[in-house]
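Peer 1: I'd like to ask some things about the structure below.
The values are calculated or read from the model by the stated rules, or taken from the named source; none is laboratory data. All values derive from a computational prediction rather than experimental measurement. Cβ placement follows ideal geometry from the backbone for every residue including glycine, while neighbour counts extend to all protein chains displayed. Quick note on the areas: whole protein, heavy atoms, side chains included, nothing else; ligands and nucleic acids left out. Shrake-Rupley method; radii C 1.70, N 1.55, O 1.52, S 1.80 Å.
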Amino acid sequence: MKTGLAVVLALYLANWLQFNPPTFAAIAAAFAIQPSLFRTLRTFSHQVQANLIGAIIGVLFVMTFGHAPFVVGVVVMLSIAIFIKLKLEPAIIPTAIVTVIIIMESPSDNFLEFAAQRFILVLIGILAAFLVNLAFIPPRYENKVYDKLSSTTDSLLEWLELVARREADSIALREDMKAQKNHLDKTNDLFNLFREERNYFRSKTFNQRRKVVVFRQMISTSEKAYRVLEMLEHRSEDFSNLPDRVKGRIEEQITSLTDYHRRIILRYNGKVSTNALEDYVNEIEEGQSTMTNLFVTLYEEEAFDLAQWHSFLPAISAIIEYQQELEHLDTLVENHQIHTTEDDANT
């Protein structure tokens with residue numbers, strides 16, 4: 001939507017200022033649009049610098065060597081090298097290259113006048129994109145991060161419980177794991193956009209920063225859940241060959257952890273009013289100790305294949321790391337809720 005609005009605004013501005021052809025402004029606007037206010041402010045000055053550098057180089061080479069395609073190619077390579085040397089934002093390079101090509105393809109007659117007009121057209125496009133980014137505050141990335149993460153986490157926890165009970169369909173699981181990994185990657189991208197915007201909410205700076213910390217830990221915890229799922233899926237045969245008492249304990253522990261994970265998420269969005277009881281957390285910790293001890297004792301049983309023991313050890317480690325991340329997340333969510341309550345009381 002923002003790209004379309006930027007293109008429309010660029011065309012109207014170019015026509016209003018009577019610069020032709022206005023399509024050059026539209027092309028520049030489409031390249032210059034950014035997904036967030038932070039990136040808009042960060043890249044605007046770089047865009048102006050890069051386009052000015054590209055325009056100057058293009059004009060000098062055309063006046064010296066002419067319009068030959070080879071000359072255009074050399075200028076494009078030289079411009080990119082200069083942008084990289086100056087450590088300009090990679091995102092602005094396409095716009096600057098478009099400027100170079102547009103200027104160097106200007107007619108030979110009155111070259112400087114045509115080049116200047118086309119450079120101004122590019123600046124109009126960049127300005128249009130900048131104005132649209134300022135006028136239309138970026139989407140609520142906080143909500144997008146939470147919604148994406150919540151749906152991904154729900155799916156991961158469902159699969160974890162099915163795998164722990166040895167009821168998951170292996171083919172469907174492998175296919176869905178690829179999708180869940182993709183969802184986690186997209187969640188990280190959204191989180192980066194949300195994190196970038198935090199300095200522009202001055203009245204809620206501290207609350208924003210707390211949310212950044214909580215969301216980062218939420219993502220890290222879900223990634224640990226994915227890691228447990230991956231370990232159990234890759235070692236499904238070893239899991240099946242474990243003694244029933246060990247399999248049962250692992251299943252119980254994973255069920256407890258997924259329940260704990262859901263409770264923390266509900267706590268964050270206000271559907272659970274209190275933090276997890278101490279007895280509840282202690283029970284989970286005792287479950288981990290029991291699970292670990294049962295698995296360790298297998299090493300001493302002569303009837304058990306040590307190769308399988310070593311093969312399944314990373315899965316046990318992943319479960320323990322998942323629990324540690326959950327405990328840290330629980331603490332962060334509790335602190336966030338306390339401070340949010342205090343902020344509401346002060347306002």
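Peer 1: Which one is surrounded by the fewest Cβ atoms within 10 Å (Cβ to Cβ), of the residues in the range 205-233 that are closer than 16 Å to His336 by Cα and aromatic (Phe, Trp, Tyr)?
Peer 2: Phe206
Peer 1: Can I ask one more? Yes or no: the range 112-123 includes at least one residue that is within 30 Å of Leu184 (Cβ to Cβ), assigned to a helix (DSSP H, G or I) and among the small types (Gly, Ala, Ser).
Peer 2: Residues of the range 112-123 within 30 Å of Leu184 (Cβ to Cβ): none.
No, there is no match, as no residue in the range 112-123 is within 30 Å of Leu184 (Cβ to Cβ), assigned to a helix (DSSP H, G or I) and among the small types (Gly, Ala, Ser).
Conditions tested, residue by residue: (1) of a type outside the set (S, T, N, Q); (2) at pLDDT below 80; (3) within 25 Å of the chain's Cα centre (by Cα).
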site: Thr3; (1), (2), (3): no, no, yes
site: Ala10; (1), (2), (3): yes, no, no
site: Leu17; (1), (2), (3): yes, no, no
site: His46; (1), (2), (3): yes, yes, yes
site: Gly66; (1), (2), (3): yes, no, no
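Peer 1: Among (1) touching a residue at least 60 places away in the same chain (Cβ under 8 Å); (2) open to solvent by 60 Å² or more (accessible area, probe 1.4 Å); (3) over 29 Å from the mean Cα position of the chain (by Cα), where does Leu306 come up short?
Peer 2: (1)
Peer 1: While we're looking at this one, here's another question. Among the residues of the range 243-292, which ones are in a loop (DSSP other than H, G, I, E, B) and charged (D, E, K, R)? Show your work before the answer.
Peer 2: From the range 243-292, those in a loop (DSSP other than H, G, I, E, B) are 243, 269-277; that's our starting set.
Selection gives Lys271 alone.
Peer 1: Any idea which of (1) under 28 Å from the mean Cα position of the chain (by Cα); (2) among the charged types (D, E, K, R); (3) under 21 Å from Pro21 (Cβ atoms) is the one Glu89 doesn't satisfy?
Peer 2: So the condition that Glu89 fails would be (3).
Peer 1: Also, quick follow-up: Output the number of residues of the range 41-64 satisfying the condition of being surrounded by fewer than 18 Cβ atoms within 10 Å (Cβ to Cβ) and either farther than 21 Å from Gln117 by Cα or polar (S, T, N, Q) (or both). First the steps, then the outcome.
Peer 2: Filtering the range 41-64 for residues surrounded by fewer than 18 Cβ atoms within 10 Å (Cβ to Cβ) gives 41-42, 45, 48-49, 52, 56, 60, 63-64.
Filter again for either farther than 21 Å from Gln117 by Cα or polar (S, T, N, Q) (or both), leaving 41-42, 45, 49, 64.
So the answer is 5.
Peer 1: In the range 127-186, which residue that is basic (Lys, Arg) and assigned to a helix (DSSP H, G or I) is least open to solvent (accessible area, probe 1.4 Å)?
Peer 2: Step one: list which residues in the range 127-186 are basic (Lys, Arg), which gives 140, 144, 148, 165-166, 174, 178, 181, 186.
Then keep just the ones that are assigned to a helix (DSSP H, G or I); that gives 144, 148, 174, 178, 181, 186.
Working: Lys144: 95, Lys148: 54, Arg174: 122, Lys178: 156, Lys181: 85, Lys186: 96 Å².
Only one residue tops the list, namely Lys148.
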